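What follows is a short report on a single structure.
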Amino acid sequence: MNENTRRHFIKSSAIAFPALALQKGFAKKGSPNGRIRAGMIGAGGRAARLNRIFAAHPDVEIAAIADVDLRRLRPVAEVVGKMQGKKPQTMQDFRPIIDDPTIDVICVGTPDHWHAIPTILGCQAGKDVYVEKPDGHNIVEGQRMVEAMRKHKRIVQMGSQHRSTSRLQTAMQFCREGGVGRCLFAKGWESARQGGIGRPANGKPPAEVNYDLWLGPAPKRPFNQNRFHGRWRWFYDYGTGDLGNDGVHRIDMAFAMLNACLQWEKATTLHHPRTIHAAGGKWYYDDDQEFPDTMQVTYRYDSPTPRILTYDLKLWTPYRQMEETEGAVVYGDKAQLVIGNSGWKAIERGGKVIAQEGGNSDATPHIANFIDCVRSRKRPNCDLETVGHRASVLCHAGNLSARLDRSLRLNPKTETFENDEEANALRGRPEWRAPYVLPKV
């Protein structure tokens, strides 16, 4: 999208939504040698934590925060203002943040269906981007995000914070040094008693919420609390289920360690799988959720390095695998390495622990890595092109296989499904609701 097209998107939306008549720029100019000025898109849920981490970074000033829900926006802005000694600008619509030349980076902490558009517009406006996982709501959006990143030479970090934790980095190093041996099989899993969400009736959106903007590119629907805060991820219009929520972390950890083992073998590392098969469905909860609560996905990688990666999803059980509610494991001919939220351990035959390390899942190092890369222009730990998008495609493909109840064969170069028009139609949306169309790159 060229500059005129980008501005047309903003201008046309401003006609429909008077809130865009808010301040288009901020008085203070950004400086390449000063603090990095950030625009935060999202203030509730995960985004509330991201705002606090960015505000605590000594090299960052949060210049603006946008959220469609004023009930979430106001308290987070107060906290940020106290933390940094200066209250940020606030607004319901994020687009003035994109249009402000004094803002250097944006953080996209929105529901999945709002990941792609701000990221692409941010790249086109010359801003670096931290975007929560998965990269987009679907494969097409993720591809477009990567295209924008490449074309405009931006730093884009996806929010899989495990990539910046010492526990995953040391686990990968243990695999690279041959500690696990030759590995042909890896697995990620999620086991948690989430609870059902019921079937509430439609109602009216809260007065403090710009509901049309919240819907964005998704189809127009009546307001329903189940399709809003905290529960939107269970619906095809907005989310990617738990596979795209927690699963993207576990799959990425398993994938990263499997590739580390291949590096020790001096073998070709993995990119995309050739076949994806998901078995499962919504079998436990009787409620409005659309995504599976029970699922197993198998990803097969073909020659020159055939390997198997699997993912187990059981959202109704409190019972653990390998002492971890959620985690990943690689199986080698020397040892198996199990990693969870509190650390990892390598176990030999007979149960002897031969190496281990503790840790946590705090996102502070991940955001610090992003800020460092904004300065250095090096690829971040969860670079969108080489790491984040690949993990996201695994989640999207797994969800599609489960939704269609059949195996899919993926073309790793085009990220399309071979001989399957129905699956390819679901790689994106039937349409992105105007005026919230997916920008061209």
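The values are calculated or read from the model by the stated rules, or taken from the named source; none is laboratory data. Just so it is clear, the structure is predicted and the values come from calculations on it, not from any experiment. Positions of Cβ are backbone-derived with ideal geometry, glycine not excepted, and every protein chain shown enters the neighbour counts.
Please verify whether the stretch 343-351 includes one or more residues that are part of a strand (DSSP E or B) and of a type in the set (Lys, Arg). Within the stretch 343-351 (the criterion being part of a strand (DSSP E or B) and of a type in the set (Lys, Arg)), the answer is yes, since at least one residue qualifies. Do we have Arg199 as more than 30 Å from Tyr301 (Cβ to Cβ), of a type in the set (D, E, K, R) and either under 23 Å from the mean Cα position of the chain (by Cα) or not in a loop (DSSP other than H, G, I, E, B) (or both) here? When the stated conditions are applied, Arg199 does not pass them.
Inside the stretch 222-281, residues that are in a loop (DSSP other than H, G, I, E, B), more than 13 Å from Pro111 (Cβ to Cβ) and not small (Gly, Ala, Ser) make up a count of 10. Here the helices (runs of 4 or more DSSP H) wholly within the stretch 3-100 that include at least 1 residues being among the polar types (S, T, N, Q) and modelled with pLDDT of 95 or more are 46-56, 70-84.
Restricting the stretch 300-326 to residues that are of a type in the set (Val, Ile, Thr) and in a loop (DSSP other than H, G, I, E, B) leaves a set whose member that is nearest to the chain's Cα centre (by Cα) is Thr325. In the set (1) surrounded by 18 or more Cβ atoms within 10 Å (Cβ to Cβ); (2) touching a Ser or Thr at 6+ places or on another chain (Cβ under 9 Å); (3) basic (Lys, Arg), Arg307 fails one condition alone, (2). Against the criterion of being free of Cβ contacts under 8 Å to residues at least 40 places away in the same chain and within 19 Å of Gly142 (Cα to Cα), Asn424 qualifies.
In the stretch 300-340, how many residues are farther than 26 Å from Tyr284 by Cα, touching a residue at least 12 places away in the same chain (Cβ under 8 Å) and polar (S, T, N, Q)? Final tally of qualifying residues: 2.
When the stretch 384-419 is filtered for residues that are buried (at least 18 other Cβ atoms within 10 Å of the Cβ) and not hydrophobic (A, V, I, L, M, F, W, C), the ones remaining, listed by number, are Gly388, His389, Arg390, Ser392, His396, Gly398, Asn399, Ser401, Arg403, Glu415. In this structure, Thr317 does not satisfy being within 15 Å of Arg250 (Cβ to Cβ), assigned by TED's automatic domain parsing to the domain that holds Cys183, of a type outside the set (A, V, I, L, M, F, W, C) and at pLDDT below 95.
Listed here are the residues, each with its yes/no results for (1) buried (at least 16 other Cβ atoms within 10 Å of the Cβ); (2) among the aliphatic types (A, V, I, L, M); (3) without any contact (Cβ under 8 Å) to a residue 60 or more places away in the chain; (4) outside the structural domain of Ile41 (by TED's automatic domain parsing).
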| site | (1), (2), (3), (4) |
| --- | --- |
| Asn138 | yes, no, no, no |
| Gly142 | yes, no, no, no |
| Gln157 | yes, no, no, no |
| Phe174 | yes, no, no, yes |
| Lys187 | yes, no, no, yes |
| Glu190 | yes, no, no, yes |
| Pro205 | yes, no, yes, yes |
